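Each remark here refers to the structure printed beneath this line.
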Amino acid sequence: MSSEAGEPRHVAIVLDAPLCTSCNLCVTECPTWCIELEYHLEMVAGPGRPRKVKVLDILTIDAERCMDCGICVDLCPFDALAWSPTPAPPVLR
């Protein structure tokens, strides 16, 4: 599948889970509210006092509601979301 310019066409938005910090920016900025993100908090020791950090459990994009605008891809500060030329695998719970 190619666009008119001969470049691969974007088919799906995929997640690189280790890069996701569960900041929720993709969820709040999505114009169709098609992204759901679930996370839990974990204590992390480090210099100074321990702190709580968000740890991603699951991120789902409802393909029927997504209008493929790419706002989530463009806004992700950690490049955890990206375009893929192939469909994303189904999410299993």
Original post:
Inside segment 34-93, counting only strands (runs of 3 or more DSSP E) that do not spill past its ends, which hold 1 or more residues that are free of Cβ contacts under 8 Å to residues at least 12 places away in the same chain?
Top reply: 35-44, 51-61
Subject >> When residues of segment 29-87 are limited to those that are closer than 13 Å to ILE13 by Cα and of a type in the set (Ser, Thr, Tyr), the one least open to solvent (accessible area, probe 1.4 Å) >> reply: SER84
Original post:
Within segment 1-28, how many residues turn out to be surrounded by 17 or more Cβ atoms within 10 Å (Cβ to Cβ) and modelled with pLDDT under 95?
Top reply: 3
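The values are calculated or read from the model by the stated rules, or taken from the named source; none is laboratory data. None of these values were measured; they are calculated from a predicted model. As a convention, Cβ positions derive from the backbone with ideal geometry for all residues, glycine included, and neighbour counts pool all protein chains shown. For accessibility, only protein heavy atoms count, side chains too; no ligands or nucleic acids. Shrake-Rupley method; radii C 1.70, N 1.55, O 1.52, S 1.80 Å.
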